[in-house]
1. Of the numbered conditions (1) touching a His at 6+ places or on another chain (Cβ under 7 Å); (2) among the basic types (Lys, Arg); (3) surrounded by fewer than 17 Cβ atoms within 10 Å (Cβ to Cβ), B:ARG522 satisfies every one except a single condition; which is it?
2. Return the residue satisfying two criteria in turn: it lies in the range B:63-106 and is within 14 Å of chain A (Cβ to nearest Cβ), surrounded by fewer than 18 Cβ atoms within 10 Å (Cβ to Cβ) and out of contact with any strand residue (DSSP E or B) (no Cβ under 7 Å at 6 or more places or on another chain), and of such residues it is modelled with the lowest pLDDT.
3. So, A:GLU342, is that one in contact with a strand residue (DSSP E or B) (Cβ under 8 Å, 6 or more places away or on another chain), within 17 Å of A:THR160 (Cβ to Cβ), within 11 Å of chain B (Cβ to nearest Cβ) and not aliphatic (A, V, I, L, M) or not?
4. Go through the range A:421-460 and count every residue that is free of Cβ contacts under 8 Å to residues at least 24 places away in the same chain and within 30 Å of B:ILE548 (Cα to Cα).
5. Which of the residues belonging to the range B:374-384 are surrounded by 24 or more Cβ atoms within 10 Å (Cβ to Cβ) and not small (Gly, Ala, Ser)?
6. Restricting to the range A:354-373, name every residue that is modelled with pLDDT of 95 or more and either among the hydrophobic types (A, V, I, L, M, F, W, C) or buried (at least 23 other Cβ atoms within 10 Å of the Cβ) (or both).
7. Contact list please: Cβ distance under 7 Å, first residue in the range A:189-201 and assigned by TED's automatic domain parsing to the domain that holds A:GLU224 and touching a residue at least 60 places away in the same chain (Cβ under 8 Å), second residue β-branched (Val, Ile, Thr) and assigned to a strand (DSSP E or B), pairs at least six apart or on different chains.
8. For the range B:438-465, enumerate the residues that are outside any loop (DSSP other than H, G, I, E, B) and among the polar types (S, T, N, Q).
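The values are calculated or read from the model by the stated rules, or taken from the named source; none is laboratory data. These numbers come from a predicted model, not from an experiment. With ideal geometry, Cβ positions are generated from the backbone for all residues, glycine too; neighbour counts draw on all protein chains shown.
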Amino acid sequence: MTAARKPDEDRGEDPVELPPQPIEYSSTTSIRGPLIVVEGVEGIGWNEVAEIRLANGEVRHGVVLDVHLDHAIVEVLEGTAGMRLDGVRTAFGGGPMSVPVTEDWLGRVCDGRGEPLDEGPPILGSRRREITGTPINPAVRIPPSEPIITGISAIDGLATLVRGQKLPIFSVGGLPHLELAAQIAVQADVAGEPFAVVFAALGVTHADAASVRQTLEARAGEREAVLFINTADDPVVERLMTPRLALTVAEHLAFECDRHVLVLLADVTNYAEALRQVSAARGEVPTRRGYPGYLYSDLASLFERAGRMRDRAGSVTLVPVLTMPAGDITHPVPDLTGYITEGQLVLAKDLHARGVYPPLDLMGSLSRLMRRGTGAHLTREDHPELSDQLYALTARALQAAELAEIVGADALPAADQRLLTFRATLEREFLSQGQEEARTLETTLDLGWQVASQLPAAELTMVSRQTLAARYRAKEGDAAHGHVR
Amino acid sequence: MELSAGTITRVNGPIVEVAGMRRLGVGELVTVGSRRLPGEVLSLASGGATVQVYEDTSGLRPGEAIAATGHPLSAELGPGLLGGVFDGMLRRLQDAGSWLEPGTLAGALDPERRWRFTPSVRAGEDVGPHRVLGTVPETDAITYRVLVPHELAGKVEMIADEGEFTVGEAIATVAGREITLAHRWPVRRPRPAAGRLRSGRPLVTGQRAVDLLFPLCHGSTAAVPGGFGTGKTLLLQQIAKWCDADVIVYVGCGERGNELAELLEDFAELEDPRSGHRLMERTVTIVNTSNMPLLAREASIYTGVTVAEHYRDMGYDAVVIADSTSRWAEALRESAARTDELPAEEGYPPELSSTLAAFYERAGRFRTLGGEEASVTILGAVSPPGGDLAEPVTAHTRRFVRTVWSLDRQLAYARHHPAISWTDSSSRDAEAVAAWEAAEGNAGWAGRRREALQLLFDAERIASVAQLTGVESLPAAERVTLISAMLLREGVLQQSALSLNDRNCAPSKQAALLALVLEVHRALLASAGQGTAIERIEALDLSDVARIRDECAPDDVDAIARLQADIQGRIGQLG
């Protein structure tokens, strides 16, 4: 375990615990949707947290959305159901919402606000940090350039995840995206360097939450993982907080405790719907499909927290999981996500139906930072070329398959028929693997060559002659099709 | 002048209402609260004003102070911009902390640094607007020229001797006014020039799909619409690295931090093949990533074009690259929504179209006030939501730009990069470039372009027929067209951004590669015409044609000529 380094000098003093005896305001003048108006306030800042005590002693939490002279509009995280104008007392916390930062989060299972769901004590820390985060200065970022090995051939071989990258999984209801996310969380490895997984479940069912919790149990037990669980029946406003909480903890583990941190957020579509609901309650102008115009910037305020920084050993890598409503990739949530992230892993129904796990649709999937994170010294020198070649062949195989639908496979030229065989073998032997099977990178790449070598060498034009000579596994009678020079 | 001060009465996110301010102007820059956050005045009412703040207002309270600055949002222009990295308001990022805490960024220029100034005029001379008073070696690549302000003319009353000066020190007095190395300019106001000139010289980008098929001229405008993952940013970055402009202003507007980190590293390492200096020395980078304050993103585009105009006024050809204008339009929309402006299409304010048009109009080839010929070229990425090319930003932009490089998702999926679609892209500069090439002795340029486009279109048509009938039933000539079009795509239009040989292609190599494919096409057609069985032609291994772009040096035309002779020989042996 690495010791936490001293707090950053360039990150402003963080607000500490609520003041011992804050002033309580009892003049609530209106309640509408999740918003209440408190009057007679003094010295309250925008975006400040609030604690709202109901007449029956129940405590709810809020944030200041608008402050006008002595009026403050407060958004209540748990909703306003059951609240009355009289008897509500509101105290303000002196600053924006914050969370303790400590390595003690590791090994814990918490709810969407960071309260323990396991048997352990509340998480306390000597320092707190605002959960909205502060943008990383782009001039101190360094480009992500080392891989995270997930043990999954489709990802490691063809869409390699790179430390500091944000690479979402696009799926549709009914596909095993949560299983895949959990498998990545369990297997991910950075060649023995200090590592941690932060998993935030957003608006998932209790059943899904339980299964993720179970899968991650062992890793949490080794103090390498923390889970934040916001279930489908938790308050929607809390759903907006959970990923920020998770990312704040991740940033601390990465940039102050020198760990490589992998953050998984599932399901971001639930998050975006919560944002839409809250935005509508605030009376904001809707744009595409009712989502607020700032959806892109809001998602970016989460996703851009991934990265690497100069002079710091750690990294934050982000894998958001989202389901595309009706499988529509042009829906605002996947669309805007795709514009922010560095590639995407797309899961396909037809592959799932054919029994391929993980059902990764190669044509839609891409890891944009793969180039920098693969090759000699990082993975293997033939890796980038092999991956380009497999993609290009799959694209051609797809065209051949479309043609075969019309004219029949038998009417295809021999070259096209070979492509169809190639595609079937790729799916069966390379893409498919078990949910608990972790493959080494060597195995993945060797499998890739085994599949590519079914085709004549002359058709592998994306691979250099040297690589072909070294890796191509010529079969008997290959001379009939082409040759390696 | 006594500057006005007032008090905050309301804070609603970035929108702040203030009372007690007098003599404020709309658009004036103010500082807000104890952290002195920058803000811009949106509207005025008696005794009060509405201000939008450029940074996060968390914790800002009614009762905090607000102060006027007396000037609109302005860029600080002077030596030291080249090689620098700035935010959307042109505040220096390199020396700032790891995290961008609100209220912590300083100005654009280093006030302490001393620059070597060499005078070019003598005391007593009469000088007019934008006349060069002296020079400063800003970088090894670019000489900074200190100009007489645009509205000033008269006698040089004092001119400093050669020596070292900070940006704030006077180096001359002209008609009673002190001139310093640096000055401010309001970013939303175009800098004046003497007049517009016809453009002619092509902007050589080193990218074959651009230079051969959809070229543009210095001083022109281009847009790159494309869904996510189609390679907009990669294409624009390639152009930023390899195009033959003097100065590049790269504006990363609402885009990814990692991408910019990669670009900055490349700029610092790569050499400009023309000057031999590092690319950084001709580049100003403005970065407002998607998680940085939204309103500074809106300003970043104007800041970028103002910096480019500044170098234009010194006589340079500057290129502004704005990635992405859609994120800028979103910031515009956000700012309009917060001030309760009535939305038009998709929530965008009604002025979207006129604002876009006015922005692209700042491009052009100009006669500067100082009498030089110089240009500003604007290249903008467009990120249509859902790949919908009919959405307002894409649709309006297409109307205002001269060249469109439309990126195609199918091509990108097949790893055909740059994924510039030959059916949806266009260039209104193609004729001007053809005329310029002809005058330079490259009479074949226009013919080859026509032939290449014809080949691509024919292949598209034939392929759609083959979808129905199968390839086997096509006539031999059409099957040859399919082969040649594939060679054209793989051997000419595809270009690797990573390959040392291929990433930047000299015009001579571009021409040779295209000529190679067209000659092979002719030879194959002739062979088929003489009765060679099409199966034998299809069995020919032509993969060398696809590989040569990557295997020979960026200007090795001879290797291509040798390959052409070799292939023609092999085709000859078929018949």
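1. The single condition B:ARG522 does not satisfy is (1).
2. Only one residue fits best here, namely B:THR104.
3. Criteria met by A:GLU342.
4. 3
5. Within the range B:374-384, B:VAL376, B:THR377, B:ILE378, B:LEU379, B:VAL382 qualify.
6. A:VAL356, A:PRO358, A:PRO359, A:LEU360 - these are the residues of the range A:354-373 that are modelled with pLDDT of 95 or more and either among the hydrophobic types (A, V, I, L, M, F, W, C) or buried (at least 23 other Cβ atoms within 10 Å of the Cβ) (or both).
7. Between residues of the range A:189-201 that are assigned by TED's automatic domain parsing to the domain that holds A:GLU224 and touching a residue at least 60 places away in the same chain (Cβ under 8 Å) and residues that are β-branched (Val, Ile, Thr) and assigned to a strand (DSSP E or B), the close pairs are A:VAL190/A:ILE148; A:ALA196/A:VAL261; A:VAL198/A:VAL226; A:VAL198/A:VAL261; A:VAL198/A:VAL263; A:ALA201/A:ILE229.
8. Keep residues of the range B:438-465 that are outside any loop (DSSP other than H, G, I, E, B), which gives B:438-439, B:445-465.
Across the range B:438-465, the qualifying residues are B:GLN454, B:SER464.
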